[in-house]
Structures are given as structure tokens and as C-alpha cells.
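For reference, the structure is listed below as C-alpha cells.
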Amino acid sequence: MEHKEPILDIKNLSVSFRMYEKGLEQKDLKVISNLNIHVDEGEILAIVGSSGSGKSLLASTVLGILPKNASVTGDMRYYGQPMTIELQQRLRGREIALVPQSVEYLDPLMKTGKQVVGVRGTKEKQRLAFKRYGLQREVEELYPFQLSGGMARRVLVSTAVIGDAKLIVADEPTPGMSKAMAEEAMSNFRTLADEGKGIILITHDIDLAFEYADRIAIFYAGTTVETALAEDFGRGPEALRHPYSKALWEALPQNGFKPIPGTQPYAGSIPGGCLFAPRCLYKTEECLGEIPMRTLRGGEVCCIHAD
Amino acid sequence: MMNMMKYIAGTLFRMLLLLVGVSLVSFILVVSSPIDPVEAYVGSESNISQEQKDVIAEYWGLNDPPVQRYLTWIRNLLHGDMGTSIAFKKPVVQVLEERFITSAALMLTAWVISGVLGFMLGVVAGTFSDSLADRVLKTFCFVMSSTPAFWIGLLLLVVFAVHLGWFPVGFSVPVGKAASEVTIWERIHHLVLPALTLSITGVSNIALHTRQKMMDVMKSEYVLFARARGESRWQIVKRHGLRNIAIPAITLQFASFSELFGGSVLAEQVFSYPGLGNAATIAGLKGDVPMLLGVAMFSVVFVFVGNFIANLLYGLLNPEIREGGRV
């Protein structure tokens with residue numbers, strides 16, 4: 001079997017923000033810590049987690065568009081090359097594309113056509129992209145506020161296919177959509193993945209992720225606690241690896257809606273060792289030490305007790 | 001089309017109401033002012049007898065009850081007669097005309113300079129917010145917007161006219177020269193300092209507004225997305241920044257007619273520049289009711305037209321208003 005290099009490989013990524021506290025005292029606020037993911041060609045990697053777990057920040061980190069006061073450490077590689085600022089600059093809008101959540105991400109005063117062309121596309125490519133998603137020629141002349149919800153969705157996806165993107169990062173592409181619309185959006189991503197593109201799908205809709213993704217990374221307090229195969233979610237908590245993933249599974253409406261006590265730690269008050277330890281039933285002394293991500297049953301997990 | 005007609009009719013009606021209101025308030029204020037127009041007219045050192053003064057007062061209708069005087073003024077106004085200025089001894093309309101031309105040169109220059117300069121400075125400051133340039137500019141703008149126009153005028157006068165002698169100390173043309181012999185350069189030479197005074201005070205307002213708007217744009221989600229799609233900072237400013245701040249900037253520029261007029265009253269006074277503002281001051285000090293009401297009416301129309309243009313342009317430029325609802 002030929003081993004292909006992953007499109008994106010992230011190891012031990014941490015992102016923190018420099019904040020000013022009371023006067024001139026500075027403090028580094030860590031929002032992503034020791035995150036590990038990789039995306040291969042032709043697959044959808046879903047990143048699920050509750051709000052405040054740092055999912056959307058991951059998109060900005062990959063694209064290199066974090067605010068100035070952010071600092072990033074860890075190893076991020078694009079087809080094996082270290083991801084430098086220069087490389088990110090060259091890739092974004094070309095080989096890495098972002099599909100944003102809503103029409104709010106479009107300039108309200110620029111016509112859709114011109115906007116989709118952007119600075120790195122051409123009119124011909126934009127027309128092709130519109131055709132692909134069944135958008136009429138007239139849509140080019142519309143302003144974002146004139147687009148219907150479905151049209152807006154397709155216009156946003158068009159921006160990703162206009163270049164020759166190898167990696168598409170979709171940030172919460174489905175909230176506020178009807179079931180049919182969300183399914184249309186997801187099947188668009190599935191088609192793109194089947195064409196060989198790698199897709200990072202950031203979402204909190206586990207059901208949709210399970211249905212369309214290949215692998216699912218579970219986010220908790222700014223880190224990945226587990227990467228599971230999508231099928232694992234269908235097989236139930238035994239197939240999952242991390243205690244948090246199991247708890248998440250049991251909290252789903254169709255699985256009994258069972259909550260677990262405690263709350264996710266806020267950025268700034270991240271405990272050392274396993275981030276889930278304070279809420280975990282299997283917690284031991286060792287959980288307070290460094291926990292590496294390890295491979296387990298075809299997935300990856302960040303827990304020393306998982307088996 | 002029907003809506004447009006309705007809008008214009010409504011606007012005209014509002015302007016009419018405003019004119020009546022402003023004229024009434026101005027009239028009450030001047031009539032209750034302690035300045036006696038006759039005394040102001042003849043001067044304190046003249047030896048005109050009380051009988052003669054009474055004759056003048058009677059001739060001007062100063063002895064009629066105020067309500068009657070006001071109604072007479074309104075009646076004449078409807079016939080296009082704004083009365084005769086006591087201070088200038090000419091029909092008010094004629095004074096307004098002459099003075100406005102002089103003022104217009106001043107206000108237009110200041111309006112263009114403060115608009116263009118303020119916009120550019122605001123764009124730079126907003127794009128590079130928190131940079132050194134931004135901080136310097138912000139400080140400058142805060143200082144300038146809290147400084148009265150007449151003080152800046154005096155300062156410029158002291159430095160450039162008195163000390164350096166580069167510019168004349170006052171008036172719009174050289175003193176003692178026949179109007180036909182005055183060259184355009186001499187006019188411009190006299191215009192520089194008052195226009196500069198008015199521009200400096202205008203710049204800070206425009207620059208601070210533009211800066212704020214530009215910062216909002218730079219923080220917006222659509223700029224984040226533009227960055228994600230590979231646009232450089234310069235491309236973002238050009239494609240999204242200017243586009244999104246142009247409408248508020250243009251609106252603000254036309255809505256600033258009132259500050260412009262108010263500023264010109266002070267600037268003209270400092271430089272003895274014979275414009276409308278200067279005329280208003282003279283009329284006020286001499287209790288010249290017709291002239292003062294004339295200037296008040298004129299300023300109402302002037303400011304109102306500015307705001308009206310601002311509204312029209314906003315509707316014309318903003319696609320959300322121009323093209324209406326969803327398709």
C-alpha cells in the first residue's frame with residue numbers, strides 16, 4: 001500500500017493570546033494546547049466539540065490569519081513542508097480555502113460575482129463554480145443581502161472551488177439551516193472530498209459529522225482528546241476511546257441525553273496534565289502528568305487509561 | 001417614483017416648519033436683546049436729538065408691537081422682500097448675495113481640504129490602528145477638536161501674519177485697492193489663513209469618524225474572510241475598506257455644513273473677512289433685526305440642503321436602500 005503524505009499534519013499545536021490584565025501586566029491566555037490532527041487527501045475530518053473549545057480558532061491558525069497578539073507553537077506541516085508564514089500567505093486563497101459560516105463574511109457592498117472572483121480567481125473560473133452549484137448568471141450582479149439562504153450557502157462554497165484548493169476548511173457551515181439545506185451542504189463537501197480534496201469540517205453537529213465525515217476529532221478545552229473513525233460513533237461508546245467521547249455519545253438526544261457533571265475549563269484556567277481529569281471517573285495520579293496522543297484501535301486517543 | 005415625490009414634499013414641508021421656528025426664535029432673541037438699534041446706528045458720540053431718534057425709530061417701525069413687526073416681516077418675506085439692513089444700509093438680499101460669494105470661497109476651500117485630508121488621515125489611522133502614526137494622529141485630532149476655531153485663527157494670525165509676515169492680517173482683498181484691480185492671487189493670498197483655520201478644525205472630526213469606521217471594517221468578518229482568501233492588507237483597504245467607509249464619509253461631509261457655517265462665523269470674525277459670518281456678527285451687535293433674520297434664514301436653508309443632499313446620496317450609494325429587498 002502506497003503511503004501518501006497527509007495534506008495537513010499538526011502535532012502538539014498550541015495557540016495563546018497575549019492579554020493585558022490590570023494595567024500593564026501581561027498574561028498569556030492559552031486557548032489551544034497540544035492539539036494533534038492530520039488530514040489526508042480525499043477525506044473529511046470533522047472536528048466536533050462544544051462552543052468555546054477553540055474549534056474556530058483552529059481554522060484561523062491553519063490559514064495564518066490569527067490576530068497580532070496570538071502566538072503559535074508546535075509543528076504544522078503541509079505535504080511535509082513546515083508551514084511558515086510565507087507558505088501560508090502563498091497557500092491561502094489558492095491551495096487552502098476557507099468556507100465561512102454565513103453571508104456575514106461577504107462584503108455587503110460588493111457584488112457577489114466580483115467577490116467570488118476575489119484577488120486570486122478569474123471570471124471564467126467563477127462562472128464555472130456558479131454553474132457547478134446551480135447558480136444563475138444573474139446572481140453575479142446581486143449584493144450579499146439580496147441572496148437567499150440557499151444561494152448564500154452555494155456562493156460561499158463557490159469561493160472554495162474557484163481556486164485549485166487541496167484543503168478546504170469549513171467553519172460551522174450548517175447552523176441555522178433546515179435539514180435539507182444542511183444535507184445539501186454536506187453532500188457538496190462529500191463530493192469535493194471524493195474528488196481528492198482534504199476537508200476539515202468544524203462543527204458541533206455530531207449527527208451530520210457522523211453521517212458524512214470519514215474521521216471525527218473530538219475537541220475538548222482546546223485540544224483533541226480523540227480521533228475516531230466515523231463508524232465508531234454508530235457502534236456506541238464501547239467503540240470510542242476517550243472518556244469524554246463516551247460521555248459525549250451518551251449526552252446525544254438519541255442516546256439518552258445523559259449529562260455529566262462539571263464544565264469545560266475556560267481558557268486561562270487550563271489545568272496541567274489531562275484537561276478532562278477533573279470530570280473523569282477513571283482519574284488517577286498519572287493523569288496529572290504529560291499525556292501523549294497515541295494510536296489505538298485505528299484511531300488516536302489522548303488518555304493513558306483507554307484500551 | 002411616487003415615494004420619491006412624497007419624500008421631497010415631506011422634506012420641503014419640514015424645511016418650511018424649521019424656517020418659521022428659527023425665524024420666530026431669532027426674532028424673539030433680537031427683540032429682547034438689550035441693544036437699542038437706534039443707539040447702535042447713530043453711535044454714542046453723535047449729537048442727534050431725542051426727537052430725531054424717535055423719528056428714526058418710528059420710521060423703522062420699532063414702536064409697533066413685536067407681533068405686528070414679525071407679521072409684517074413674514075408678509076414682506078412672502079413677497080420676496082427681506083427688508084433693508086440697518087447696519088449695511090442696503091437691501092438684506094443684496095448683502096446676503098455679496099457676502100455669500102466671499103464666504104463660499106472660504107467654506108468651499110475648507111470643506112474640500114478638511115474632507116479630503118480628514119478622509120486620508122482617517123484611512124491611514126484606521127488601517128494601522130494602534131501604530132505610532134495612529135497615536136500621533138489621534139492625539140492631534142483630540143486636541144484640535146477640543147480647541148475653539150477662533151483660538152486657532154488667532155494663533156495662525158500671530159505666527160504667519162504678524163511674526164513671519166507671510167500673509168495679510170485680515171480682509172479678503174488688499175486695503176485701499178479698487179475692486180477692479182484686485183487679482184485672483186491677492187484674493188487667494190487673503191483666503192489662506194481663514195481657510196486653514198476652518199480646515200484644521202474640520203479635519204479632526206472627519207478623520208476621527210473615518211478612523212473609527214475603518215477600524216470597524218478591519219475587524220469585520222468579511223475582512224477576515226478576505227484575508228483567508230489571500231488578500232493583502234493593501235488589497236483589503238482598496239477593495240473593502242474604501243468601499244465601506246465611503247458612504248458614511250460622504251454623508252458626514254454633507255452633514256457637516258452646520259459646523260462649517262458655525263466655524264466660518266468665528267474664523268471670519270478673527271480675520272475681519274467680509275463674509276456671511278462676519279455680517280451676522282455685525283448685525284447682532286447693531287441690533288439689525290432684518291439682517292440677522294436674513295442670515296438665520298440663509299443658514300437654515302444652507303444646512304438643511306447639506307443634510308438633504310447627505311440623505312439623498314446615502315440612498316443613492318447604498319445598494320441596500322437603492323435596490324431594496326431580497327430577490
* Going through the range B:296-318 one residue at a time, which ones are open to solvent by less than 40 Å² (accessible area, probe 1.4 Å), over 19 Å from B:Phe100 (Cβ atoms) and aliphatic (A, V, I, L, M)? -> B:Ala310
* Asked: Restricting attention to the range B:221-234, does a residue exist that is in contact with a His (Cβ under 9 Å, 6 or more places away or on another chain), within 14 Å of chain A (Cβ to nearest Cβ), touching a residue at least 60 places away in the same chain (Cβ under 8 Å) and assigned to a helix (DSSP H, G or I)?
  -> no
* To do: Scan the range B:270-327 for residues that are within 14 Å of chain A (Cβ to nearest Cβ) and either acidic (Asp, Glu) or in contact with a His (Cβ under 8 Å, 6 or more places away or on another chain) (or both) and jot them down.
  => B:Glu320, B:Glu323
* For the range B:222-243, enumerate the residues that are crowded, with 21+ Cβ neighbours inside 10 Å and under 33 Å from the mean Cα position of the chain (by Cα). => B:Val237, B:His240, B:Gly241
* Tally the residues that are closer than 17 Å to A:Tyr220 by Cβ, at pLDDT below 85 and surrounded by 13 or more Cβ atoms within 10 Å (Cβ to Cβ), restricting the search to the range A:288-304. => 3
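Buried (at least 20 other Cβ atoms within 10 Å of the Cβ), under 18 Å from the mean Cα position of the chain (by Cα) and among the aliphatic types (A, V, I, L, M), is that true of A:Leu58?
Numbers: buried (at least 20 other Cβ atoms within 10 Å of the Cβ): yes; under 18 Å from the mean Cα position of the chain (by Cα): yes; among the aliphatic types (A, V, I, L, M): yes.
In short, yes.
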* Asked: Got a sec? Which strands (runs of 3 or more DSSP E) wholly within the range A:195-278 have at least 1 residues that are open to solvent by 10 Å² or more (accessible area, probe 1.4 Å)?
  -> A:215-220, A:223-229
* Close pairs (9 angstrom Cβ cut-off, 6 or more residues apart or separate chains): outside the structural domain of B:Asn307 (by TED's automatic domain parsing) in the range B:7-28, open to solvent by 80 Å² or more (accessible area, probe 1.4 Å) anywhere -> B:Tyr7/B:Asn311; B:Thr11/B:Asn311
* **Residue that is surrounded by 17 or more Cβ atoms within 10 Å (Cβ to Cβ), among the β-branched types (Val, Ile, Thr) and without any contact (Cβ under 8 Å) to a residue 60 or more places away in the chain, where the choices are B:Val173, B:Val203, B:Val162** => B:Val173
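Filtering the range A:83-106 down to residues that are at the interface with another protein chain (Cβ under 9 Å from one of its Cβ atoms) and assigned to a helix (DSSP H, G or I), which residue is most open to solvent (accessible area, probe 1.4 Å)? Steps first, please.
Narrowing the range A:83-106 to residues at the interface with another protein chain (Cβ under 9 Å from one of its Cβ atoms): A:89-94, A:96-98, A:100-102, A:104-106.
Still in the list and also assigned to a helix (DSSP H, G or I): A:89-91, A:104-105.
Values: A:Gln89: 95, A:Arg90: 134, A:Leu91: 9, A:Glu104: 110, A:Tyr105: 28 Å².
Filtering first and then ranking leaves A:Arg90.
Being among the small types (Gly, Ala, Ser) and assigned to a loop (DSSP other than H, G, I, E, B) is the filter; apply it to the range B:23-39 and report the residue that is modelled with the highest pLDDT. Break it down into steps so the answer makes sense when it comes.
Our first condition is that a residue be among the small types (Gly, Ala, Ser); within the range B:23-39, this holds for B:23, B:26, B:32-33.
Those left that are additionally assigned to a loop (DSSP other than H, G, I, E, B): B:32-33.
Working: B:Ser32: 82, B:Ser33: 77.
For the range B:23-39, the residue satisfying everything is B:Ser32.
The values are calculated or read from the model by the stated rules, or taken from the named source; none is laboratory data. Values in this document were obtained by computation on a predicted structure and should not be read as measured data. Positions of Cβ are generated from backbone atoms using ideal geometry, with glycine treated the same way; all protein chains shown enter the neighbour counts. All accessible areas refer to the heavy atoms of the entire protein, side chains included, with ligands and DNA or RNA removed. Shrake-Rupley method; radii C 1.70, N 1.55, O 1.52, S 1.80 Å.
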